[in-house]
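Encoded as structure tokens, the structure appears first; notes follow it.
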Amino acid sequence: MKKHLITFTLLYASVIANAQTPVNSELKSIINQSFTYYPKVQEAQNQINIAQKRIAAAKTNLPTVDLNGSYEYVQPKITLPLEVNGEKQNFQFAPVHNFNANVGAQYMLLDFGRLKANVDKSKTDLKYATDNVSNVQTQLASQVAAIYYNIIYFRKAIAVEDSVLNYLNANKTIAENKLKNGDAIKLDVLNLQSQVDNEINLREDLLNNLQKQITLLQYTTGNTNIANNGFDFNLPVQAPQDAFTTASTSAPDFLLAQDKIEQAKADLKVVRQTDKPSITLNGSAGVKNGYVPNVNEARFNYAGGVSLKVPLFDAKTKKQIAVAEAQIKQNQLAQESLNNEYQQNIQQALTDIQTNAEKLKNMKSQIENAEAAVQIASSRYLNGIGLNTDITDAAVNLQRALLTELRYEYQLALAKVEYARVTGYKYW
């Protein structure tokens, strides 16, 4: 009996042990493993490759070369009676069967900023794709960290249940011996067995939840093994306004919001460039008929020149400019909404950190009292002056206190994980 009581008491020390160390290397390793395992990250990284190719395409200003061919049947035949060498003949000025085959080329000589605007737009897309990878990694890291500490929490809770079961089973054995000696009644044994059965069911629930978390860990990282057994997630915590300032420059959501504004501005610049003139070099070479005097004869021909295009009025462009300007305003409003949302999220995370830290301090005396009650109840029962219900009540109270403190440690770790997410703190 004394041995099991000592085991139950020592478990408390292992549950509350939580040295103020940085984020452990195992969690960092698992998070980085998820970056190469989880398909969502690969999908986001591929968007960077696409954006880079779009920049290369936007910078390209090579001639366009086309192979052209046409045939046209024309009636009536165009002829004119002429006198040649004293004879009247019908001279044909155009063929009935017209054909033309040539290779044509065009080169944009001057576009007055249109190419640069498209390149700048593609660069904003690349910036968004790059920041989006950081965003996906941040969200995934937060998810993996939560799963990681879920597993640790359920393992510790199961350890508490195992200790309680050992304690209750030891008391049940004592009650059974007392029953044989006539010092106890059958009801004492039945009550203890009922409590044991109840704790077994609670343990099964914890095991079920633990297995679900291990499955989630495998789904996100490909890993199922965790060696660590502590809530060692510590990071520098700032005042609310300082934390918001950090978030506004580091959190992926803010970076993406700013990227969207820049993308909208680049879109507006591209639309406005459609009103700019352009100068194009043109050239072609090929064969066709229609040359007098023998209009049916196919002859080699070539041409070259310069064309100038000056847009004067396009109602559609005006509407597109209005849409682009409205999109910039929309993205700016979305950023303001994000500011309000993050101020609330940061304050909530800081409140959760402070509240759970205070609760952990207050649990110390409660656990000490529960331990003392267990010792007293056990001593009284061994000396024949206590009831078995006193033992079970004391054990349940200590179990509840241990699990409550365990829950506060767990919630404190998750609050820090959330604080890291909203402030953009990269702990991996």
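The values are calculated or read from the model by the stated rules, or taken from the named source; none is laboratory data. Quantities reported herein were computed from a predicted structural model and do not represent experimental measurements. As a convention, Cβ positions derive from the backbone with ideal geometry for all residues, glycine included, and neighbour counts pool all protein chains shown. Each accessible area value is taken on the protein alone, full model and side chains, heavy atoms only, with ligands, DNA and RNA left out. Shrake-Rupley method; radii C 1.70, N 1.55, O 1.52, S 1.80 Å.
Structural remarks
- Condition broken by L210, with the remaining ones in (1) touching a residue at least 12 places away in the same chain (Cβ under 8 Å); (2) closer than 30 Å to S379 by Cα satisfied: (2)
- Of the residues making up the stretch 29-76, those that are more than 24 Å from L256 (Cα to Cα) and charged (D, E, K, R) are K59, D66, E72.
- Residue check, E176 outside any helix (DSSP H, G or I), surrounded by fewer than 20 Cβ atoms within 10 Å (Cβ to Cβ) and more than 45 Å from the chain's Cα centre (by Cα): no
- Looking at E341, E358, just one residue is within 28 Å of the chain's Cα centre (by Cα) and open to solvent by 80 Å² or more (accessible area, probe 1.4 Å), and that residue is E341.
- Residues of the stretch 282-306 that are β-branched (V, I, T), outside any loop (DSSP other than H, G, I, E, B) and either out of contact with any Phe, Trp or Tyr (no Cβ under 6 Å at 6 or more places or on another chain) or open to solvent by less than 40 Å² (accessible area, probe 1.4 Å) (or both): V306 alone.
- Restricting attention to the stretch 371-392, the residues being open to solvent by less than 90 Å² (accessible area, probe 1.4 Å) and at pLDDT below 80 number 9.
- Options Q137, Q143: the member that is surrounded by fewer than 21 Cβ atoms within 10 Å (Cβ to Cβ), closer than 30 Å to R421 by Cα and either of a type outside the set (S, T, Y) or touching a Phe, Trp or Tyr at 6+ places or on another chain (Cβ under 7 Å) (or both): Q143
Yes or no, residue by residue, for (1) open to solvent by 70 Å² or more (accessible area, probe 1.4 Å); (2) under 19 Å from Q399 (Cβ atoms); (3) free of Cβ contacts under 8 Å to residues at least 60 places away in the same chain:
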| residue | (1), (2), (3) |
| --- | --- |
| D205 | yes, yes, yes |
| L217 | no, no, no |
| T224 | no, no, yes |
| G230 | no, no, no |
| Q238 | yes, no, no |
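- Just one of the listed residues (G283, G290) is at positive phi, in contact (Cβ under 8 Å) with a residue 60 or more places away in the chain and not charged (D, E, K, R), namely G290.
- Residue match in the stretch 244-266 (condition: acidic (D, E) and either surrounded by fewer than 14 Cβ atoms within 10 Å (Cβ to Cβ) or not in a helix (DSSP H, G or I) (or both)): no
- Test: residue in the stretch 186-198 that is open to solvent by less than 20 Å² (accessible area, probe 1.4 Å), assigned to a helix (DSSP H, G or I) and either modelled with pLDDT of 95 or more or over 26 Å from L210 (Cβ atoms) (or both): yes
- Residue list for the stretch 22-45, restricted to those being of a type in the set (A, V, I, L, M, F, W, C) and assigned to a helix (DSSP H, G or I): L27, I30, I31, F35, V41, A44
- Taking every residue in the stretch 76-100 that is within 29 Å of D66 (Cβ to Cβ) and part of a strand (DSSP E or B) and pairing it with any residue that is open to solvent by 60 Å² or more (accessible area, probe 1.4 Å) and of a type in the set (S, T, N, Q), at least 6 positions away or on another chain, the pairs with Cβ-Cβ distances below 6 Å are N100/S70.
- Residue match in the stretch 102-113 (condition: closer than 30 Å to N135 by Cα, modelled with pLDDT of 90 or more and among the hydroxyl-bearing types (S, T, Y)): no
- From the options K276, K309, residue that is surrounded by 15 or more Cβ atoms within 10 Å (Cβ to Cβ), at pLDDT below 95 and not aliphatic (A, V, I, L, M): K276
- In the stretch 343-366, the residues that are among the basic types (K, R) form Cβ pairs under 7 Å with partners that are in a helix (DSSP H, G or I), at six or more places apart or across chains, as follows: K359/Y408.
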